[in-house]
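Report on the structure given below.
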């Protein structure tokens with residue numbers, strides 16, 4: 001089953017997150033599929049892209065537990081702050097609704113990142129993380 005449904009309605013491309021049982025929380029697989037969808041032929045040539053979620057919720061954000069499990073081999077990593085990414089996407093939608101042309105909008109990249117330290121994996125591998133990383137981490141997996 002696809003995690004992102006793509007539907008074209010004239011010059012509008014509708015992407016629907018299909019993970020209703022988890023309130024459409026982003027998993028690693030869903031994130032990859034969403035990024036692949038955005039670069040696909042259905043989106044190219046669209047004048048507008050609408051992102052929505054199946055069921056009662058648009059998206060509950062990132063499924064932190066799933067990301068932690070997917071990166072169990074990682075001891076520390078930086079992730080884009082999904083809340084900031086969603087706020088920036090909302091800003092894009094706002095500008096489009098106010099009449100901005102999609103071609104005139106700049107391409108943006110994440111600017112806020114979250115440092116995640118996986119203490120559970122470090123302990124299992126008998127690796128001692130420096131205290132500076134533990135203190136700087138935005139989130140610790142214990």
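Computed from the coordinates by the stated procedures, all read-outs in this text should not be read as laboratory data. Everything numeric in this text was worked out from a predicted model, so none of it was measured. All Cβ positions, even for glycine, are placed from backbone atoms using ideal geometry, and neighbour counts span all protein chains on display.
What to note about this one:
- Each of 35, 17, 119 has some number of other Cβ atoms within 10 Å of its Cβ, and from fewest to most they run 35, 119, 17.
- Simple spin-label estimate for residue 91 and residue 21 in nanometres, 7 Å along Cα-Cβ: 3.7
- Cα-based helix-to-principal-axis angle, 82-97 vs the chain, degrees rounded to 10: 10
- Between 0 and 90 degrees, the angle of helix 28-38 with respect to the longest Cα principal axis of the chain falls at about 30 degrees.
- Hydrodynamic radius (Kirkwood) for the chain, which is based on Cα pairs only, to one decimal in Å: 17.1
- Computed lengthening from residue 57 to residue 80, 0.36 nm per intervening residue step minus Cα-Cα distance: 6.1 nm
- Taking 7 Å steps out from each Cα toward its Cβ at residue 14 and residue 29 produces label points 2.5 nm apart.
- For 48, 13, the sequence from fewest to most other C-beta atoms within 10 Å is 48, 13.
- Calculated FRET efficiency for the pair residue 136/residue 101, C-beta based, R₀ 41 Å, to 0.05: 0.50
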